[in-house]
Every structure is written in C-alpha cells, then in structure tokens.
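One structure is given below, encoded as structure tokens.
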C-alpha cells in the first residue's frame, strides 16, 4: 500500500513540475519565442507563426501520455515502472532546478 501511495506522489511531482513549466512558458511567452532552447519547441513555435499554443499543447499532451504510460506500466511490470518513474522524476527535478535558476 505504501509503495502505491509513493508512486502516486511521484506522479504528482512530475505533473506539478510540468504544470509549473507550462505556467512559466505562458507567463513569459514573449521571451519564450526568442529564448526557447529546445530545437523542437523552436520549430513548433515557428510552424505556428510565432504562437506558443501548439508547443504548449503538445507538451501538455506529452506529459499526460507519460503519466498514463507510467500508471499502466506500474500495473503490468512494477520493477520497470519504478526504474522509469525514477528517471522521469530525476529529469523533472533537474528541469525544476534549471527553471528556478534561469
């Protein structure tokens, strides 16, 4: 039971960091258009005539997909799910550190 709760908390950590990233992107959209460092993000902004909506929508969809995959993986293969969620949480924590320091 404790492991399910902890796994759920880690899912929330991923979701909240992603939501914070999305919030900052929308809040600073003018700067984002000029300073986005992700090549795919720059491309999506360019394709959408300088609008960040497509990029933000796809980021949000990607996060939801990742969370859903982690939940299904936890139900099917717990050992793999723990490895995957650990890696995703680590990356999200590094992203949060980057966002706070930038």
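The values are calculated or read from the model by the stated rules, or taken from the named source; none is laboratory data. From a predicted model like this one, the values you see are computed outputs, not experimental measurements. A quick note on method: Cβ atoms are made from the backbone with ideal geometry, for glycine too, and the neighbour counts reach across all protein chains shown.
Looking only at region 1-49, count how many residues are in a loop (DSSP other than H, G, I, E, B) and surrounded by 15 or more Cβ atoms within 10 Å (Cβ to Cβ).
Qualifying residue count, region 1-49: 1.
For region 1-24, name all the residues that are more than 30 Å from residue 78 (Cβ to Cβ) and touching a residue at least 24 places away in the same chain (Cβ under 8 Å).
24 - this is the single residue of region 1-24 that is more than 30 Å from residue 78 (Cβ to Cβ) and touching a residue at least 24 places away in the same chain (Cβ under 8 Å).
Just one of 97, 70 is exposed (fewer than 11 other Cβ atoms within 10 Å of the Cβ) and over 11 Å from the mean Cα position of the chain (by Cα); which is it?
97
When you check residue 33 against the structure, is it more than 17 Å from the chain's Cα centre (by Cα) and modelled with pLDDT of 95 or more, yes or no?
When the stated conditions are applied, residue 33 does not pass them.
Count, please, the residues in region 73-94 that happen to be more than 10 Å from the chain's Cα centre (by Cα), without any contact (Cβ under 8 Å) to a residue 60 or more places away in the chain and under 23 Å from residue 36 (Cβ atoms).
Number satisfying all stated conditions: 2.
If we keep just the residues of region 73-94 that are over 25 Å from residue 24 (Cα atoms) and touching a helix residue (DSSP H, G or I) at 6+ places or on another chain (Cβ under 7 Å), which is surrounded by the fewest Cβ atoms within 10 Å (Cβ to Cβ)?
My answer is 80.
List pairs: first in region 25-54 and closer than 16 Å to residue 96 by Cα, second modelled with pLDDT under 90 and surrounded by 15 or more Cβ atoms within 10 Å (Cβ to Cβ), Cβ under 7 Å, 6+ apart or cross-chain?
25/32
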